[in-house]
Amino acid sequence: MAARIISGTEIAAQIREELKKETAELKEKSGVVPGLVTILVGKNPASVSYVTAKQKAAHELGFYSIQDDQPDDISEESLLQLVYRYNNDSKIHGILVQLPIPKHIDEKKILNAIDPDKDVDCFHPINVGRLMIGGDEARFLPCTPAGIQELIVRAGFETSGAEVVVVGRSNIVGKPIANIMLQKGRGANSTVTVVHTGTKDLESHCKRADILIVAAGVPHLVKPEWIKPGACVIDVGVNRVGEKISEKTGKPVPILKGDVDFDAAKEIAGAITPVPGGVGPMTITMLMKNTVKSAKISAGIK
Ligand code: NAP
């Protein structure tokens, strides 16, 4: 039987409706409006489109939002001062510096300067540590991994006791999602294996997975015969494999492929995310969720 398609687009829309209500209630009860600033250095086209999408989402949810554009020759010191200014701005609950930033600036220094209580991207070492400890310690969850967990839970998969195999060990996807899934609690409590380029037999690990999360950045790395029948497959990979002309706009658009051969895998898996339209739409939504949480905490609401 063909797999159920887990639509990130639909689930993200559901969560955004919930966040819109939460935002309105928060405003009514406490007068606090979630505030998000996105800082963009330079005019990298991909970064411009990511920041625009984040601002659009913030606007639609009723946030107070600022897009702060800075020239690509801004000094490290000036960028640090800008971050400190937003750290001290009580109307701002979330600060996001769009990466990458120009090479003459130490990225780590900038990310570490963000107040951990406003670090809605969850890149600050304090928040990474809190995530590792888990439970109430974790103020924010990093956006893409948090989106992956939501997809699994909302698709109705039992995570407790499940064999979860994560392909990839990056700091933004592989390691944090492995950490999230092994925590004791709802939507987690799994037995987690992380595989990478040093792993001897990738196939045998993948075949054991009740929930297979693939974040390698290699088109069609996971073969359909590696998938356990009925498994939940979350394909995080976004790989540009060429260009085509869009029927809508007549302009060239990238052809995207995931890390899993979707067409073949959907005949074996129990449920699977498509690329695009799977994990992608969840990432910005979870950024909005973190910003609402930060605003609630600042208003003394848990
Ligand atoms: P990354 O930093 O390049 O990490 C890739 C990981 O996969 C590394 O740990 C690497 O192992 C492992 N890997 C690569 N090739 C492998 C192979 N042949 N066998 C086993 N392991 C392999 O990438 P990332 O930032 O985590 O992103 C991964 C993918 O997810 C990319 O396609 C990216 O575009 C996509 N992504 C999507 C979203 C979204 O919102 N949809 C967000 C973030 C990332 P080693 O550590 O041994 O090198």
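The values are calculated or read from the model by the stated rules, or taken from the named source; none is laboratory data. Note that the structure is predicted; figures quoted are calculated from it, not measured. So basically every Cβ, Gly included, is an ideal-geometry build from the backbone, and we count neighbours across all protein chains shown. Heavy atoms of the whole protein, side chains included, go into the accessibility calculation; ligands, DNA and RNA do not. Shrake-Rupley method; radii C 1.70, N 1.55, O 1.52, S 1.80 Å.
Tabulated data for the structure shown
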| item | result |
| --- | --- |
| Extreme residue, surrounded by the most Cβ atoms within 10 Å (Cβ to Cβ), among residues of the stretch 42-70 that are of a type in the set (Lys, Arg) and under 18 Å from the mean Cα position of the chain (by Cα) | Lys54 |
| Residues (under 15 Å from the mean Cα position of the chain (by Cα) and surrounded by fewer than 22 Cβ atoms within 10 Å (Cβ to Cβ)) located in the stretch 176-189 | Ala178 |
| Selection within the stretch 133-153 - assigned to a loop (DSSP other than H, G, I, E, B), open to solvent by less than 20 Å² (accessible area, probe 1.4 Å) and within 15 Å of the ligand (Cβ to nearest atom) | Pro142 |
| Val173 of a type in the set (Val, Ile, Thr), crowded, with 20+ Cβ neighbours inside 10 Å and either within 19 Å of the chain's Cα centre (by Cα) or away from the ligand (no atom under 13 Å from the Cβ) (or both) | yes |
| Check on Ile39, under 21 Å from the mean Cα position of the chain (by Cα) and free of Cβ contacts under 8 Å to residues at least 60 places away in the same chain | yes |
| Some residue of the stretch 51-69 being outside any helix (DSSP H, G or I), in contact with a strand residue (DSSP E or B) (Cβ under 7 Å, 6 or more places away or on another chain) and among the charged types (D, E, K, R) | yes |
| Tally of residues being within 14 Å of the ligand (Cβ to nearest atom) and basic (Lys, Arg) across the stretch 205-256 | 2 |
